[in-house]
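Here the structure comes first, spelled out in structure tokens, and everything after it is commentary.
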Amino acid sequence: MLVDPQGEVLLHHRKLNELEIAHDYYEQGDGLGVVETVLGTFGVMICADAFAREQVVSRTLGLMGADIILSPCAWAVPAEHDNAREPVRAVVAG
């Protein structure tokens, strides 16, 4: 969600490119949106949306007028994972 300083919801996004392992936990989205603010026009995508075929989500947000794309993400690890012993590291595909 993108919320303005007064607490009004400007944009709500649910991940479109949902991974199979998450289908039991999350509701998949069905659309994209952008919103104009005093800081620029924002679009939102979440995590695996960035890995959709041919970068269709980010490209579409750009074509919809997004100057800035917010893309929060995280990766789930088993509860017993010891991050101090074996840190989880992001892998960026080139």
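When the residues of segment 41-72 are narrowed to those that are assigned to a helix (DSSP H, G or I), of a type in the set (A, V, I, L, M, F, W, C) and within 18 Å of N17 (Cα to Cα), which ends up modelled with the highest pLDDT?
First, pick out the residues of segment 41-72 that are assigned to a helix (DSSP H, G or I): 47-51, 53-63.
Keeping just the survivors that are of a type in the set (A, V, I, L, M, F, W, C) gives 47-48, 50-51, 56-57, 61, 63.
Retained after the next criterion (residues that are within 18 Å of N17 (Cα to Cα)): 47-48, 50-51, 56-57, 61.
Working: C47: 85, A48: 83, A50: 85, F51: 80, V56: 89, V57: 90, L61: 95.
Here the answer is L61.
Inside segment 18-44, residues that are open to solvent by less than 90 Å² (accessible area, probe 1.4 Å) and under 19 Å from I69 (Cβ atoms) make up a count of 13.
Scanning segment 57-71 for residues that are without any contact (Cβ under 8 Å) to a residue 24 or more places away in the chain and out of contact with any helix residue (DSSP H, G or I) (no Cβ under 9 Å at 6 or more places or on another chain), we see that the one that is surrounded by the most Cβ atoms within 10 Å (Cβ to Cβ) is G62. Considered as a group, the residues in segment 73-91 that are closer than 18 Å to L19 by Cβ and at pLDDT below 70 include one that is surrounded by the fewest Cβ atoms within 10 Å (Cβ to Cβ), and that residue is V91.
The values are calculated or read from the model by the stated rules, or taken from the named source; none is laboratory data. Here the structure is a predicted model, which is why all the values come from computation and not from measurement. We place every Cβ from the backbone using ideal geometry, glycine too, and count neighbours over all the protein chains shown. Heads up: the accessible areas ignore ligands, DNA and RNA and are worked out on the full protein's heavy atoms, side chains in. Shrake-Rupley method; radii C 1.70, N 1.55, O 1.52, S 1.80 Å.
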